[in-house]
Amino acid sequence: MANADPDEGRFRSFILGAMNHFLAKQRAKVRAQKRGGGRPLLSFDTTSGEERFALERTDEASPDKVFDRQWATALLDKVLGLLEEEYQRGGKAELFKALPQTLAGSSQMQPYALLARRLHMNEGAVKTAVHRLRKRYRQILEAEIANTVASPDEIREEMAYLLRVVGS
């Protein structure tokens, strides 16, 4: 971590490079003759590994794209968790539980009337709550992205990249 330099690029690229370097060293270590190089390794726990890989998404994406997708998913999950904590601290946990599906999609696709009845609010209040939720979500997301880039100018570029990764 001490070798990470913001002037050299994105932090996730540094992490990806470090992981690739680590894996290359591990591969060389496994192949070393004094450690039984060339002989197959035996695993005693085959069922849990097989079950885990059965759940993994199977696609033909490169490891870099898979890494970026996992990074994006983890970031969005973290942002949603932080937002939920804010709503819980503010005594609005029930409101938050009803609104996360409104973060994506257009306002025409959202069942505001249904949400209003369920939350015992009027439709205008639900629209306002959704607007505030989306605005705060974006603010938290931008703040989290700001922690991973070298300058504030890169935030919009990183947001656009995040949307491309999630959309693919």
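Read-outs throughout are calculated quantities, based only on the coordinates presented, and are distinct from any laboratory measurement. All figures in this text were calculated on a predicted structure; none of them were measured in a lab. Here the Cβ is made from the backbone with ideal geometry for all residues, glycine too, and neighbour counts use every protein chain on show.
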- [ ] Kindly list the residues of segment 71-86 that lie in the label zone of V149, defined by a backbone N under 19 Å from the point 7 Å along the Cα-to-C-beta vector.
- [x] 71-80
Open item on the list: Please give me the summed charge of the neighbours of L103: other residues whose Cβ is under 10 Å from its Cβ, Lys and Arg +1, Asp and Glu -1.
Closed with: +2
TODO: For E84 paired with L119, estimate the spin-label separation in nm (one decimal), with each label point 7 Å from Cα along the Cα-to-Cβ line.
DONE: 1.7
Task: Charge tally in the Cβ shell below 14 Å around L83, where Lys, Arg are +1 and Asp, Glu are -1, L83 excluded - done: +3
TODO: Work out from phi, with θ = phi - 60° and the Karplus expression 6.51 cos²θ - 1.76 cosθ + 1.60, the ³J(HN,Hα) of each residue of segment 119-134, listed in order in whole Hz, and give x for Gly and Pro.
DONE: 8, 6, 10, 8, 4, x, 5, 5, 4, 5, 4, 5, 4, 5, 4, 4
Open item on the list: Given a Förster distance of 41 Å, report the FRET efficiency between T128 and R156 from their Cβ-Cβ distance, rounded to the nearest 0.05.
Closed with: 0.95
TODO: Please compute the net charge surrounding H120, taking Lys and Arg as +1 and Asp and Glu as -1 over other residues with Cβ under 15 Å from its Cβ.
DONE: +2
TODO: Within 10 Å of each residue's Cβ, count the other Cβ atoms and sort V66, V126 from fewest upward.
DONE: V66, V126
Open item on the list: Let me understand segment 63-167 better: what is its radius of gyration from the alpha carbons, and its Dmax, in angstrom?
Closed with: 15.4, 48
Task: Net length gained if the chain between E142 and I15 were fully extended (0.36 nm per residue, minus Cα distance) - done: 43.7 nm
